[in-house]
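The structure follows.
What follows is calculated from the coordinates using simple rules that are stated; it is not laboratory data. All values derive from a computational prediction rather than experimental measurement. When we count neighbours, we look across all protein chains shown, and the Cβ atoms used for this are built from the backbone with ideal geometry, even at glycine.
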Amino acid sequence: MKNSWKERWGPYGLSLVILGMLLLVWEVATRVPTFDPTGKTEEQLLTMEFNGDIIQAETGGYLYNPDKVSGLPGPGHVLAKARTELGEAFVKKGTNDHGIAWLIVYTVRRFMIGFLCGSVVAVLLGILVGLYKPLYVALNPFIQILKPISPLAWMPLLLYSVKDPFWTAILVVFMASLWPTVANTAFGVNAIKTDYLRVAALLEMKFARRLFTVVLPAAAPAIIAGLRISFGSALVAVVPAEMLLGELGAGYLTWIEWNNLDISGVIFAILAVGVVGYALDFAFGKLASMFTYAES
């Protein structure tokens, strides 16, 4: 039991140690330097205080004003920003001023609609292409050309076509979800052992039964791999799409904080995106493991 506990929690303990070291390095690297008043007259000190470059400490001396010091903010500033944002997570102060919880909901909703629609179309198209080898050979060059194109490259054309930022963002996610899954599904279906298909033909299975009992289980590893790639691409695409289109979401928060020159807010928004992405990827991994087929 003791060894089992160590095996289970040992890596997590190492993760906490690494996190602590990173925070320590971050704190040291961004620490505000000590103000040295040596050589400065009282008038110069008063001018610097008036300009906001220094502030008076409780002990009576002077400190550099943390808000005026250039460079990245330390973890303490980001933590304070996180407390403020999380304390108002469900608050709507105005049309474009919603709490972080609402922004995450908007991003996840936009992501899920685009990803699910893209995945359904991609799997169906991939099965169709993979089942007929002449079609697979003919269309594979087009798929391979379209697959590496960034989904953001489609955004100007999509925005011009639909003329709606909300649907444009969803279509960007749709495009990000499409080609990797189409390519992997077509490859997986096309690579099914002919023995499986021959047995299905001998048993005179109808197309629907053959699809769900032979084709999909045999091609499941390739399909799941394609969905994982598409999932990551779609997750990466949704945030910059929100930033560029000005749609409310986690990406919008990052851009607004940058426009406000609030670097602590930018870092908080980046971390929020990372946490949400990790949670979605973890959930998808658990779901995918339920459908993964392993050939014995």
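Pairs to check: K147/K286; K81/K147; K147/K193. Give those whose C-alpha atoms are more than 29 Å from each other in this structure.
K81/K147
Follow-up question, since we're still on this one. Over the chain, what is the mean sequence separation of C-alpha contacts under 8 Å (at least six apart), divided by residue count, expressed as relative contact order in percent? Intermediate results must be reported in sequence, preceding the final value.
Working: 317 pairs, mean separation 52.8, N = 296.
Once normalised by length, the contact order is 18 percent.
A follow-up question, please. Under the definition of Cα pairs under 8 Å and six or more residues apart, what whole-number percent is the relative contact order of the stretch 187-296?
24 percent
What residues have an amide H closer than 5 Å to that of Y62, excluding those fewer than 5 places away on the same chain, when H is modeled at 1.01 Å from N in the peptide plane?
For Y62, the qualifying residues are A57.
Which value at 222 nm does the chain reach when only helices count, each DSSP H run of 4 or more adding -39,500 (n - 2.57), with the total divided by all residues and rounded to the nearest 500 deg cm²/dmol?
Computed ellipticity for the chain at 222 nm equals -24000 deg cm²/dmol.
Can you give the FRET efficiency for A208 and V137, using 1/(1 + (r/R0)^6), R0 = 35 Å, r = Cβ-Cβ distance, to the nearest 0.05? Write out the running numbers ahead of the final one.
Details: r = 26 Å, r/R0 = 0.74.
Computed FRET efficiency for A208 and V137 comes out at 0.85.
Hey, if you put +1 on the Cβ of every Lys and Arg and -1 on every Asp and Glu Cβ in the stretch 92-289, which of P134, A186, H98 ends up farthest toward the positive end of that dipole?
Selected residue: P134.
Oh, and also: What FRET efficiency do you get for I55 and L23 if R0 is 35 Å and r is their Cβ-Cβ distance, rounded to the nearest 0.05?
0.90
Then there is this: Quickly rank 166-178, 39-51 as a protection proxy: mean count of other C-beta atoms within 10 Å, highest first.
Per-residue mean Cβ counts within 10 Å order the peptides as 166-178, 39-51.
Here are labelled values, [x] 1.01; [y] 1.14; [z] 0.96, and one is the computed Rg/Rh (Cα atoms, Kirkwood Rh) for what I pasted. Which one?
The value computed from this structure is option [y].
Can you give me the span-like helices of the chain, meaning DSSP H runs with 30 Å or more of Cα extent along the axis and Kyte-Doolittle mean at or above -1.0? Don't skip to the answer; put the middle values down first.
Numbers: long enough: 2-29 (39 Å, 0.44); 100-131 (45 Å, 2.04); 165-190 (38 Å, 1.20); 216-245 (41 Å, 1.63); 263-289 (39 Å, 1.75).
In the chain, the long hydrophobic H runs are 2-29, 100-131, 165-190, 216-245, 263-289.
For the ranges 184-195, 225-236, what's the packing order if you count other beta-carbon atoms within 10 Å of each residue, average per peptide, and put the highest first?
Result, highest mean Cβ count within 10 Å first: 225-236, 184-195.
When E88, E204 are ordered from fewest to most other Cβ atoms inside 10 Å of their Cβ, what list results?
On the way: E88 15, E204 8.
Least crowded to most crowded, the residues run E204, E88.
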